[in-house]
Amino acid sequence: MSETDKTIELWKMKKRIKALEAARGSGTSMLSLLVPPRAHLSDVTKMLMHEHGTAKNIKSRVNRQSVLSAITSAQQRLKLYNKVPPNGLVLYVGTIVGDNGKEEKMTIDFEPFKPINTSVYLCDNKFHTEVLHELVESDDKFGFIVMDGNGTLFGTLSGNSREILHKFNVNLPNKQGKGGQSAQRFGRIRVEKRHNYVTKSAELATQFFINPVTSQPNVAGLILAGSADLKAELNQQDSGKYVCGVDDTLKALEMGIIDIIIVWEDIDINRFGCMLQFVTNKTEEGSRFCKGFGGIGGILRYQLDMRSFDDDDGDNDGGGF
């Protein structure tokens, strides 16, 4: 979904929430039903059948009829769906009191523009929109990595919506060797396997959380969890003293803070008072560097967040040198 489409969907959702919250009914005649993506419609149908039977015991005749009518309308509307949509299903049914004081039936069903992970079934004198508010308010997406001695999991979290991107298992040797192996040799093997495991996790983190076109993070933040040793080892691989991509690298060059510049051998570049290192795309690492970062990057003399300069550039749009 493009940014424009996303903005339109947000606007539609806010208008819809406002209309739903303004609606009022008498008794508990207003039904709110929210179904998460992984739910089965058959289970929802069974639940409504059970609630229909329970509603027959409501003492108030008027309220009983209103609730039964709302549940029946919900059951009929669900028949229009073969399965729960990818982002879940939102259904509001009930008898509301209009501006003229007359009662009128209202039915609204739609697939939200972002996944919902909460099941809701409520009969009240109002529609419950708390989950919809979370969709429009919690828009920042965070990445998370869960890493331990058995494997690593990569995912994203936005509000109450989470997505598993990838996971893989690993079989690391124990600290103590068996079968008469040399302790020193076994220790080297263990360290090597741990290093390869952490390196693979770091490479996958780049794949999932760095936009290959802009060389910028595609998440608002990154959360590391799991085994303390492995987590710290992965985090320590990020020194903060590097820059990737043509634009950011050239900015750092102009500031004179690059110590070593790494360039694909087919790229021409002027010297900016730093050491020049060429790489080829013949190796696995070199190929990833060329494809993922445009074939240019640098090792900085000190840490610098290049994203802060994007904001500065926006402030100077109307000016010039």
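Here are some notes:
Conditions (1) surrounded by 12 or more Cβ atoms within 10 Å (Cβ to Cβ); (2) basic (Lys, Arg), marked per residue:
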{"site": "15", "(1), (2)": "no, yes"}
{"site": "27", "(1), (2)": "yes, no"}
{"site": "30", "(1), (2)": "yes, no"}
{"site": "39", "(1), (2)": "yes, no"}
{"site": "44", "(1), (2)": "yes, no"}
{"site": "47", "(1), (2)": "yes, no"}
{"site": "50", "(1), (2)": "no, no"}
{"site": "56", "(1), (2)": "no, yes"}
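- Residues satisfying the stated conditions in region 80-94, i.e. under 17 Å from residue 31 (Cα atoms) and either surrounded by fewer than 21 Cβ atoms within 10 Å (Cβ to Cβ) or of a type in the set (A, V, I, L, M, F, W, C) (or both): 89, 90, 91, 93
- For region 26-50, a tally of residues being assigned to a strand (DSSP E or B) and either farther than 25 Å from residue 135 by Cα or without any contact (Cβ under 8 Å) to a residue 40 or more places away in the chain (or both) returns 4.
- Unique match (being under 18 Å from residue 154 (Cβ atoms) and modelled with pLDDT under 85) among 201, 227, 215: 227
- The residues of region 51-87 that are among the hydroxyl-bearing types (Ser, Thr, Tyr) and in a helix (DSSP H, G or I), listed by number, are 54, 66, 69, 72, 73.
- Of the strands (runs of 3 or more DSSP E) that lie entirely inside region 239-294, not one contains 3 or more residues that are polar (S, T, N, Q) and modelled with pLDDT under 75.
- Meets criteria (in contact (Cβ under 8 Å) with a residue 40 or more places away in the chain, crowded, with 17+ Cβ neighbours inside 10 Å and over 16 Å from the mean Cα position of the chain (by Cα)) for residue 133: no
- Some residue of region 1-9 being of a type in the set (A, V, I, L, M) and either modelled with pLDDT of 90 or more or touching a His at 6+ places or on another chain (Cβ under 6 Å) (or both): no
The values are calculated or read from the model by the stated rules, or taken from the named source; none is laboratory data. None of these values were measured; they are calculated from a predicted model. Virtual Cβ from ideal backbone geometry, glycine too; neighbours counted across all protein chains shown.
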